[in-house]
Amino acid sequence: MLGIVILAAGQGTRMRSEVPKVLHPLCGRPMVFYALDAVRGLSDLPPILVVGHGAEEVRRAVGEAVTYAEQREQRGTGHAVLQARPALEGQVDEVLILYADMPLLTPETLRRVVDARRSARAVLSILTVVAEDPRGFGRVVRRADGSVARIVEEADATEAERAIRELNAGVYACDAAWLWAHLPLLPLSCKGEYYLTDLVEMAAGEGQPVVAVAADDPTEALGINTRVHLAEAEALIRRRINRRWMEAGVTMIDPQTTYIELTVTIGPDTVIWPNTILRGRTVVGTGCQIGPNTLIEDSVIGDRCRVVASVVEGAVMEEGSDVGPFSHLRPGAHLGPGAHVGNFGEVKNAHLGPGAKMGHFSYVGDAEVGAGANIGAGTVTCNFDGHRKHRTEIGEEAFIGSGTMLVAPVRVGRRAVVGAGSVVTHDIPDDTVAYGVPARERRTTKDIPEPQRTRRAQRT
Ligand code: UD1
Ligand code: CA
C-alpha cells in the first residue's frame with residue numbers, strides 16, 4: 001500500500017503574507033488543492049497533510065478529505081515527514097512525498113516517480129528537472145559514474161555546485177521501512193533544519209542506488225516561494241485551463257487576456273472576447289458571446305446569451321438574454337429568456353420576465369418585472385426608504401415611460417402605461433394610463449390609439 005505525505009507546514013516567509021502560503025489562490029483555487037488533486041487516485045488511503053504554520057486556517061479550508069499531522073515547530077522538510085510517521089508506520093510499505101507548494105505537478109508524473117522506484121527495487125526515487133533558471137532549487141550532484149550522490153541546497157552549495165542545472169523538483173518515492181529507519185538520522189543543516197533532501201546522500205552512501213526521474217515538462221516542477229512565482233504559476237495554469245476549453249469547443253479571441261477559474265464551465269460554440277474574467281461557480285451555456293471587458297462571477301448564463309463590457313455577479317441569465325455594454329447584474333438578478341438589459345443598467349435581486357426590456361440608464365432592485373414589460377430610459381425603483389428595502393412589481397406588457405420613479409412598495413398593473421417623468425407612489429391598476437407627480441390614473445389603455453398599442457405589443 002502506498003502512503004502519501006504532502007508537506008504544508010512551512011511559514012512561506014518569502015510570500016510576505018498573513019495568509020498561509022498554501023492557501024494563496026491560483027486561478028480561483030487555493031494552492032494546496034492542486035497537490036490534493038494530483039495525488040487523487042494514486043492510493044486508497046487518504047493523503048497525510050502535514051500542517052503547522054496557520055494550521056487552523058489550512059484545516060478549515062481543506063476539510064475532512066485528508067488525514068492531518070501537525071508539525072508544531074517548522075524544523076525542516078525531513079522533520080515534517082517524521083510527523084506523518086505515526087499515521088503511516090505499519091500501514092504502508094511505500095511512501096510518496098511531495099510539497100504543497102508545487103501546483104503544476106501532474107498525476108502522470110507522480111505515478112512515474114512511484115513506478116520508477118518499484119521497478120528498480122530501489123529505496124528511493126526522486127523527480128528532477130533540467131532548467132536554465134535554478135530558482136533556488138536544490139542541485140542534484142552526481143558521481144563520476146553518473147549515479148546520484150546527493151542533493152545540495154542552494155544556500156549550502158559551492159560555486160561549482162551552483163552551476164549545476166539538474167535540479168531537485170521535490171517529489172520522492174521511498175521504501176517505507178527504509179524511510180522510517182533513516183528519517184531520525186538526518187543531520188542538522190547549517191540552517192538549523194532537518195533537510196529531507198539529505199536522504200539522498202544517506203542512500204547513496206549505503207550503496208543504494210537513487211533513481212532520478214526527469215520531468216518531461218520542466219514547468220511542472222515550478223515551486224512557489226514568492227509572489228513572482230505565484231504569478232508565473234497562475235499564467236501556466238491559466239494556459240492549461242484555456243487550452244482545455246478550446247479543445248472542448250470554446251472560441252477564445254485572445255487566450256492571453258482570457259481569465260477562467262478552475263471552477264467555471266463553458267459550453268461549446270461560445271465565443272469569449274478579450275479581457276474577460278470568469279470566476280467562481282460560473283456556468284456558461286453554448287453559443288454565447290461573452291466580452292470583451294467582462295467580469296462574470298458565480299453566475300449561470302444560459303445558451304445563446306450575450307454579455308458585453310459588463311459585470312455579472314451572483315446572477316442568472318436565461319437563454320437568449322443579453323446585457324451591456326456597461327451594465328451591472330448584482331446578486332439575485334434573474335433575466336428570463338430573451339430579456340434585455342442595455343447600457344448603464346443595474347439589476348439587483350430582481351426578476352425580469354421573458355422578453356422584458358430595460359434599455360438605458362435604469363436601476364431595478366427588489367423587483368418582479370412581468371414578461372414583455374418595457375422599462376424606459378432612466379427608470380428607478382426607489383427601493384430603500386432609509387431603513388428598509390421594499391418591492392416593486394411591474395405587470396406583464398406594462399410600459400414604463402422614461403425617467404419614472406417607482407417608489408416602493410408599489411405595483412404597476414399588467415399592460416398599464418406610465419407616462420414619462422412620473423413619480424409612482426401608489427399602485428396603478430391593470431390596463432390604465434397614469435402620469436404626473438405623483439402619478440394619477442387618467443384613462444384606460446383602450447383610449448390609446450390602436451397603432452401605438454400594436455407597436456408596443458411588438459416591443460419597439
Ligand atoms: C525544497 C527542497 C529543494 C527543492 C525545492 C523544490 C528541501 C530541504 N529543499 O526547497 O531541494 O529544490 O523544495 O521546490 O526540502 N515545509 C514543512 N515544514 C518545514 C519546512 C517546510 O512542512 O519545516 C513544507 C513547506 O510548507 C513547503 C515544502 O515543505 O510546502 C517545501 O519547503 P520550502 O521551504 O518551500 O522548500 P524550498 O526552499 O523550496
Ligand atoms: Ca518551495
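The values are calculated or read from the model by the stated rules, or taken from the named source; none is laboratory data. The structure displayed is predicted, hence computed values, not measured ones. We place every Cβ from the backbone using ideal geometry, glycine too, and count neighbours over all the protein chains shown. In case anyone asks, the SASA skips ligands and DNA or RNA and just uses the protein heavy atoms, side chains included. Shrake-Rupley method; radii C 1.70, N 1.55, O 1.52, S 1.80 Å.
Just one of the listed residues (ARG117, ARG142, ARG135) is open to solvent by 50 Å² or more (accessible area, probe 1.4 Å), basic (Lys, Arg) and more than 16 Å from ligand 2 (Cβ to nearest atom), namely ARG142. Pairing residues of region 250-274 that are closer than 14 Å to CYS305 by Cβ with residues that are open to solvent by 10 Å² or more (accessible area, probe 1.4 Å) and of a type in the set (S, T, N, Q), at Cβ distances under 6 Å and at least 6 apart in sequence or on separate chains, gives GLY267/THR286; ASP269/THR286; VAL271/THR251; VAL271/GLN289.
All told, GLU220 meets the bar of being open to solvent by less than 30 Å² (accessible area, probe 1.4 Å), charged (D, E, K, R) and under 30 Å from ARG143 (Cα atoms). Within region 69-92, the set of residues being open to solvent by less than 20 Å² (accessible area, probe 1.4 Å) and either at negative phi or more than 9 Å from ligand 1 (Cβ to nearest atom) (or both) comprises ALA69, GLN71, GLY78, ALA80, VAL81, ALA84, LEU88, VAL92.
Residue-level check: of (1) surrounded by fewer than 20 Cβ atoms within 10 Å (Cβ to Cβ); (2) more than 14 Å from ligand 1 (Cβ to nearest atom); (3) on the phi < 0 side of the Ramachandran plot; (4) more than 36 Å from the chain's Cα centre (by Cα), ARG162 misses just (2). Annotation note: of GLY355, GLY332, GLY314, the sole residue that is farther than 19 Å from GLY280 by Cβ and touching a residue at least 12 places away in the same chain (Cβ under 8 Å) is GLY355.
Provide a single number: the residues in region 201-232 that are among the small types (Gly, Ala, Ser), within 15 Å of ligand 2 (Cβ to nearest atom) and in a helix (DSSP H, G or I). Full working, then the answer.
Step one: list which residues in region 201-232 are among the small types (Gly, Ala, Ser), which gives 203-205, 207, 212, 214-215, 221, 223, 231.
After this cut, where a residue has to be within 15 Å of ligand 2 (Cβ to nearest atom) as well, the list is 221, 223.
Then drop every residue that is not in a helix (DSSP H, G or I), which leaves 221.
Matching residues across region 201-232 total 1.
What are the residues in region 106-164 that are of a type in the set (Lys, Arg) and either in a loop (DSSP other than H, G, I, E, B) or outside the structural domain of ALA35 (by TED's automatic domain parsing) (or both), if any?
So the first thing to find is which residues in region 106-164 are of a type in the set (Lys, Arg), and the list is 111-112, 117-118, 121, 135, 139, 142-143, 150, 162.
Passing the criteria: ARG121, ARG135, ARG143.
Pick from region 187-202 the residues that are under 19 Å from LEU88 (Cβ atoms) and open to solvent by less than 10 Å² (accessible area, probe 1.4 Å): which of them is farthest from ligand 1 (Cβ to nearest atom)? Applying the filter and picking the extreme gives LEU199.
For region 9-59, residues that are closer than 17 Å to LEU96 by Cα, in contact with a strand residue (DSSP E or B) (Cβ under 8 Å, 6 or more places away or on another chain) and not aliphatic (A, V, I, L, M) total 4.
Criterion first (of a type in the set (Asp, Glu) and either crowded, with 20+ Cβ neighbours inside 10 Å or in contact (Cβ under 8 Å) with a residue 60 or more places away in the chain (or both)) does ASP298 satisfy it?
no
Out of the residues in region 420-454 that are modelled with pLDDT of 90 or more and over 50 Å from the mean Cα position of the chain (by Cα), which is least open to solvent (accessible area, probe 1.4 Å)?
From region 420-454, those modelled with pLDDT of 90 or more are 420-441; that's our starting set.
From what is left, the residues that are over 50 Å from the mean Cα position of the chain (by Cα) are 440-441.
Working: ARG440: 134, GLU441: 95 Å².
Among those that are modelled with pLDDT of 90 or more and over 50 Å from the mean Cα position of the chain (by Cα), it is GLU441.
For region 19-56, the set of residues classified as more than 14 Å from ligand 2 (Cβ to nearest atom), under 20 Å from the mean Cα position of the chain (by Cα) and farther than 19 Å from LEU236 by Cβ consists of VAL19, LEU23, VAL39, ARG40, listed by residue number. Just to be sure I understand the filter: pairs with C-beta atoms under 6 Å, separated by 6 or more residues or on different chains, first member in region 161-174 and more than 30 Å from GLY3 (Cα to Cα), second member in a strand (DSSP E or B) and away from ligand 1 (no atom under 12 Å from the Cβ). Which pairs pass? These pairs meet every condition: ARG165/VAL130.
Residues that are among the β-branched types (Val, Ile, Thr) and buried (at least 23 other Cβ atoms within 10 Å of the Cβ) were ranked within region 93-108; the one that is farthest from ARG240 (Cα to Cα) is VAL95.
Filter region 21-68 down to residues that are of a type in the set (Gly, Ala, Ser) and within 19 Å of ALA173 (Cβ to Cβ) and give me whichever is nearest to ligand 1 (Cβ to nearest atom). Filtering region 21-68 for residues that are of a type in the set (Gly, Ala, Ser) and within 19 Å of ALA173 (Cβ to Cβ), the one nearest to ligand 1 (Cβ to nearest atom) comes out as ALA35.
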